[in-house]
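Any read-out appearing in this document is the output of simple, stated calculations on the displayed coordinates, not a laboratory observation. This one's a predicted model, so the numbers in the text were calculated from it and none came from an experiment. Positions of Cβ are backbone-derived with ideal geometry, glycine not excepted, and every protein chain shown enters the neighbour counts.
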Amino acid sequence: MLRTAARGVLGRLGAARSICSSSATWQQTTEESKEEFLKRFAPHAGNLNPPDFPSNFLPKAAEAEGAAPATGLPDKLQFNFFVPHETLCQNEKVDLVLMPATTGDFGVMPGHVPTVAQLRPGVVTVHKELDKSVEKYFVSGGFAFVHPDSTADICAVEAVKVTDLDAEAVRAGLQEYTTKLAALQGKGDDYEAAAAQVGVEVYSAMNAALGQ
């Protein structure tokens, strides 16, 4: 039984050596073929650049041997925040930004996957230092863009610090649009009903922001 097992192990080792040898031979042959092709290509290329080869996109030797590639992940997120008439943040280094997307709230930190999200009325929370230096802005809508280089942009229609909201004006506006929406139900004026619905949503979100 031991002899049989030993023969099996030796057989697998031999197969592995054969595969490695074949792989090395294939890589050498591929490189030689590329060089030969480029020599023949050069006299006829004119202004054309040499083509890329599939082998150009293979992992580097260090990665192929199992070495972990460097991520280069920054410590901070670079954040930009714009409204039509003002720049609220530009190249600001922050730890975290919480955003109210139409698909649900989400947080962005360094290394976040690239994302484009439509914003709904709600609060953008900027953590310059996590849970220490925090600023909250109410936005009526807009778009957020998260880039592969740990940069994030918000382009909002309107934005105001939550601390600057007038609680009495918010409650009055919510009551006004709620009453208007109720009065328009079943009247057939879709445009006015839609405008009233938007008003209810925005003022409801502001009212919720004041309660945070």
- Karplus (6.51, -1.76, 1.60) ³J(HN,Hα), θ = phi - 60°, over region 74-88, in Hz, Gly and Pro reported as x: x, 6, 10, 8, 8, 10, 10, 9, 10, 10, x, 10, 7, 9, 7
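Within a 10 angstrom radius of the beta carbon, how do 120, 40 rank from fewest other beta carbons to most?
By the 10 Å Cβ count, ascending: 40, 120.
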- Message: Within a 10 angstrom radius of the beta carbon, how do 140, 133 rank from fewest other beta carbons to most?
- Response: 133, 140
- Item | Rounded if a/c under 1.5, otherwise prolate or oblate - region 114-161, Cα gyration tensor axes | oblate
- Task: Classify region 167-210 as rounded, prolate or oblate, taking a ≥ b ≥ c as the square roots of the eigenvalues of its Cα gyration tensor: rounded when a/c is under 1.5, otherwise prolate if a/b is larger than b/c and oblate if not.
- Result: prolate
- Message: Are there any GluC sites (Glu not before Pro) in region 87-182 that are in a DSSP loop and have at most 15 other Cβ atoms within 10 Å? List them by number.
- Response: 158
- Task: Could you work out the local net charge near residue 135, counting Lys and Arg as +1, Asp and Glu as -1, over the other residues with Cβ closer than 13 Å to its Cβ?
- Result: -1
- Note on the structure: Everything considered on the Cα gyration tensor (a ≥ b ≥ c; rounded for a/c under 1.5, else prolate if a/b is larger than b/c, else oblate), region 77-163 must be described as rounded
